[in-house]
Amino acid sequence: MDQETKKTKVILAAVDTGEYDIESSLAELEELAKTADGEVVGVITQKKPAFDPGFCMGAGRLEELADICKELETELIVFDHELSATQIRNIEDITDVRVIDRTMLILDIFAARARTSEGKLQVELALQKYRLPRLTGMGVEMSRLGGGIGTRGPGETKLETDRRHIKRRITALEEELRNLGERRKRMRARRKKDSVLTAAIVGYTNVGKSTLLNALTEAGVLAENKLFATLDTTSRSIELPDGRSVMLIDTVGLIRRLPHSLVEAFKSTLEEAAEADLIIEIIDSSSPEAAEQIKVTHDLLAELGCEETPHIYVLNKCDKGEPLIKLPSDVPQVRISAINRTGFDELLSLVVANLPETLRKMKLLIPYSQTGLTGKIRENGRVINEEYAENGVITEALVDIRLQKLCEQYLTE
């Protein structure tokens, strides 16, 4: 990230209205801050029935926060919920410290980690949508252009403060992403036409999706023990034990209370999951938060209309001990350790069992009078081996579902 300088000193702040589990949310916020190269030096919370519209926290608690910031030489305050421009300005006035919220922190991490042009466009779109309603009264925050958490943005030399300019930029970004989405759709249609099977690897951030993809395919995707290590979609093909190939698609990691603008911006990437023949859901079996993480994943998959797609569960990180979560016994599941590469045979067998049967391995004795059939098999499937016999060609092949009935009369031992 930035040069090897000291990490930004961060204080986390939250108002507990009882809407969600504040402790687990703050623990995740701390992980996010670390991922953005911050050092969390303190946490301050306040129980209130509702957020203060002008200051978020109560005035007395904010004065305490200002004192703590001064004492700990804090450079940044991160609130665990979205703030308005007015709240940010008022809190900064009292504490004399830069303030961002959870959404801005996530956007900052995305801005630093997006690699492909599509990823960068998606991040910028989310950033512009975040900024638009916060233009009014956000002069100090918007003019800060130094380095540090919450100030990054792909391809920007200055932060736009003109509302019409931002609206025009949003329109242009949406158009570019629409075009990229159309191209992605055509690629998916071509894969369907060519009977290419696809399996989307989905799950919470940092559960080991990229580590698994690397281990199975040597894809070389960045795999770090950090939240959102991978933002860009990676596709790699692997051969399954039954001879078929499947295209594995890595998707962006999910997180609870993901900013809506990001869900919208990354829809085209996540649509890979909606169009897949199989969803492989990776679960960190060592996490006490596993049940909540599964719920977040399922809610988003439901939003994408994936309820009917075949689904298998992969309990990863089993090298750390017995899984802390127990799935119902009737759910297709397998235990693995992606980092130690154990359980992969069982995983691939489970993938085979749950993929739709498009190609079937068959051993055929095709009479010489019907050799045109071999061409059709080759066109839509794959010929593995051929031997010429007295009364025909002994053909071992993966036969497309559309030809299987025709081929059955030529089955041989």
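The values are calculated or read from the model by the stated rules, or taken from the named source; none is laboratory data. None of the values given here were measured: they were computed from a predicted structure. Note that we place each Cβ from the backbone using ideal geometry, even for glycine, and neighbour counts take in every protein chain shown.
Some notes on this structure:
- Tabulated pairs, region 361-388, first in contact (Cβ under 8 Å) with a residue 60 or more places away in the chain, second of a type in the set (K, R), C-beta under 7 angstrom, 6+ apart or interchain: N380/R402
- Breaking point among (1) assigned to a loop (DSSP other than H, G, I, E, B); (2) over 27 Å from N340 (Cα atoms), for L300: (1)
- Meets criteria (under 35 Å from the mean Cα position of the chain (by Cα) and not hydrophobic (A, V, I, L, M, F, W, C)) for R378: no
- Conditions (1) assigned by TED's automatic domain parsing to the domain that holds K209; (2) crowded, with 19+ Cβ neighbours inside 10 Å; (3) not in a strand (DSSP E or B): number failed by I377: (1)
- Residues in region 380-406 that are surrounded by 12 or more Cβ atoms within 10 Å (Cβ to Cβ) and under 18 Å from E239 (Cβ atoms): N380, G381, R382, V383, I384, E396, A397, L398, V399, D400.
- Hits in region 12-62 - residues which are touching a strand residue (DSSP E or B) at 6+ places or on another chain (Cβ under 7 Å) and assigned to a loop (DSSP other than H, G, I, E, B): D37, K48, F51, M57, G58
- Restricting region 308-335 to residues that are over 18 Å from A291 (Cα atoms) and touching a Leu at 6+ places or on another chain (Cβ under 9 Å), the residue that is modelled with the highest pLDDT: P310
- Residue in region 89-96 that is under 21 Å from R131 (Cα atoms) and polar (S, T, N, Q) present: yes
- Some residue of region 117-135 being at pLDDT 90 or above and over 30 Å from T251 (Cα atoms): no
- Verdict on R360 being in contact with a helix residue (DSSP H, G or I) (Cβ under 7 Å, 6 or more places away or on another chain), farther than 30 Å from Y410 by Cβ and of a type in the set (K, R): no
- Residues of region 304-324 satisfying the condition of being in a loop (DSSP other than H, G, I, E, B) and within 23 Å of L216 (Cβ to Cβ): C306, T309, P310, K317, P323
- Counted residues, region 353-364 - those being surrounded by fewer than 16 Cβ atoms within 10 Å (Cβ to Cβ) and either of a type in the set (A, V, I, L, M, F, W, C) or under 30 Å from T309 (Cα atoms) (or both): 4
- Residue match in region 69-88 (condition: touching a His at 6+ places or on another chain (Cβ under 9 Å) and under 19 Å from E39 (Cα atoms)): no
- For region 225-243, the set of residues classified as at pLDDT 80 or above and either buried (at least 20 other Cβ atoms within 10 Å of the Cβ) or within 12 Å of S210 (Cα to Cα) (or both) consists of R236 only.
- Search result, residues across region 355-409 that are of a type in the set (G, A, S) and at pLDDT 85 or above: S369, G372, G375, A389, G392, A397
- The test for being in the same structural domain as I109 (by TED's automatic domain parsing) and modelled with pLDDT under 90 does not hold for D52.
- The set of residues from region 337-351 being polar (S, T, N, Q) and in a helix (DSSP H, G or I) comprises just one member, S349.
- Screening P356 with (1) in contact with an Asp or Glu (Cβ under 6 Å, 6 or more places away or on another chain); (2) assigned to a strand (DSSP E or B); (3) touching a residue at least 24 places away in the same chain (Cβ under 8 Å) gives one miss only, at (2).
- Residues that are in a helix (DSSP H, G or I) and in contact with a Gly (Cβ under 7 Å, 6 or more places away or on another chain) within region 88-108 comprise R89, N90, M104, L105, D108, listed in sequence order.
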